[in-house]
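The next block holds one structure in the form of structure tokens; read it before the comments.
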Amino acid sequence: MTAYERRQALLELLRTKPGLHVPGLAESLGVSEGTVRNDLNALEQAGYLTRVHGGAILNGAASQLITAFGVRHQEYAKEKSCIGAGAAKLVEDGDSLLLDASSTAYYFALNLRNHNRLRVVTNGIEVARLLAQNPSNTVILIGGQVNPDGSSVAGLLSEQIISDLHVQKAFVSCSGFSIERGLTEVHLEEAQLKRKALESARQVFALVDSSKLGQEDLTIFARLSQITHLFTDPGISEEWKRRLQESGIPFTVCGGES
């Protein structure tokens, strides 16, 4: 577990079990009390919490951010982790990448920790924090309006920045996927940003867990013809395997067959 992951786990513990003191936090995380104290000090400096005798309490904004991102992060975690590990095999040291702010992209980013000299463009705040821990990486967090859950940035400024960039590989998720409409998104600003981002990418890789197959949301941001390869999980049905094969879109069932 990296320092970043440990501190995220620590924040989640403080949210769900606010009465825990340093010894209990250390036992839950399997680390020393000294490590917990150092992490609490770092998180206090970053504005996430306030130290109190024997422990800490979360600041209100931090609690809301953790809750919003944590819920998405935990949904279909096994499937997203599988997809992230499979798609990460396409990444080489020195690649230029575009990642969206999805929780699936975060799982993908977790599998890039042993890669170096990556040039990463993202509107995902948590993704940017994670990959920026490697000093050899160049991570560009796109500017714009911070969304209410505090996990991403979108808006006209973000689109203008992206239009001036060119990346080798884009890895994006979606709210829904269908053969007829392609990749769809429930949030209009997020969809517009992704649409613009895909124009700047040489290759587009769709990270779609099986729960999203057959779902359609408000607006389209990528047609089938724009997708270089689709990654999904072993929960995909035989019917959906057949439909993807008939559509001609290359796909990989991560941890399974291609």
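Taking amide H positions as placed in the peptide plane 1.01 Å from N, state which residues far from L98 in sequence (5 or more) or on other chains have amide H under 5 Å from it.
V121, K169, A170, F171
Out of the range 167-258, which GluC sites (Glu not before Pro) are coil in DSSP terms and have no more than 11 other C-beta atoms within 10 Å?
Within the range 167-258, the qualifying GluC sites (Glu not before Pro) (loop, at most 11 other Cβ atoms within 10 Å) are E180, E257.
Roll a 1.4 Å probe over the protein chains and send me the accessible area per residue for the chain in Å². Provide the component values of the computation, followed by the final result.
On the way: 11780 Å² over 258 residues.
Counting only protein heavy atoms, the per-residue value for the chain is 46 Å².
Take the chain, connect every pair of alpha-carbon atoms lying under 10 Å apart with a spring to form a Gaussian network, then pick out the residue of I140, I220, I125 with the largest mean-square fluctuation.
I140
Out of the total accessible area of the chain (probe 1.4 Å, heavy atoms of protein only), what percent is carbon and sulfur?
Percent of accessible area from carbon and sulfur atoms in the chain: 50.
222 nm [θ] for the chain, helices only, -39500 (n - 2.57) per DSSP H run of 4+, per residue, to 500? Write down the numbers at each step before the final one.
Numbers: 10 runs with 106 residues, N = 258.
Helix contribution divided over all residues of the chain: -12500 deg cm²/dmol.
Can you give the relative contact order of the range 89-210 as a percent, counting alpha carbon pairs under 8 Å and 6+ residues apart?
25 percent.
Would you list, by chain and number, the lysines whose Cα falls below 26 Å from the Cα of K196, excluding same-chain residues fewer than 8 positions away?
Cross-link targets: K80, K89, K169, K212.
Build a GNM of the chain with springs between Cα atoms under 10 Å: which of A197, A101, A26 gets the top mean-square fluctuation?
Residue with maximal mean-square fluctuation among A197, A101, A26: A26.
Let me spell out the model: positive unit charges on the Cβ of Lys and Arg, negative unit charges on the Cβ of Asp and Glu, origin at the Cα centre of the range 146-258. What dipole size does that give, in debye rounded to 20?
Computed charge dipole of the range 146-258: roughly 340 debye.
For the range 183-258, what relative contact order do you get, as a whole percent, if you take Cα pairs closer than 8 Å and at least 6 residues apart?
32
What is the magnitude of the charge dipole of the chain about its Cα centre, with +1 placed on the Cβ of each Lys and Arg, -1 on the Cβ of each Asp and Glu, and no other charges, expressed in debye to the nearest 20?
Its charge dipole is roughly 360 debye.
The values are calculated or read from the model by the stated rules, or taken from the named source; none is laboratory data. Note that the structure is predicted; figures quoted are calculated from it, not measured. Every residue, glycine among them, receives a Cβ derived from its backbone with ideal geometry; neighbour counts consider all protein chains shown. The area values use the complete protein model at the heavy-atom level, side chains included, leaving out ligands, DNA and RNA. Shrake-Rupley method; radii C 1.70, N 1.55, O 1.52, S 1.80 Å.
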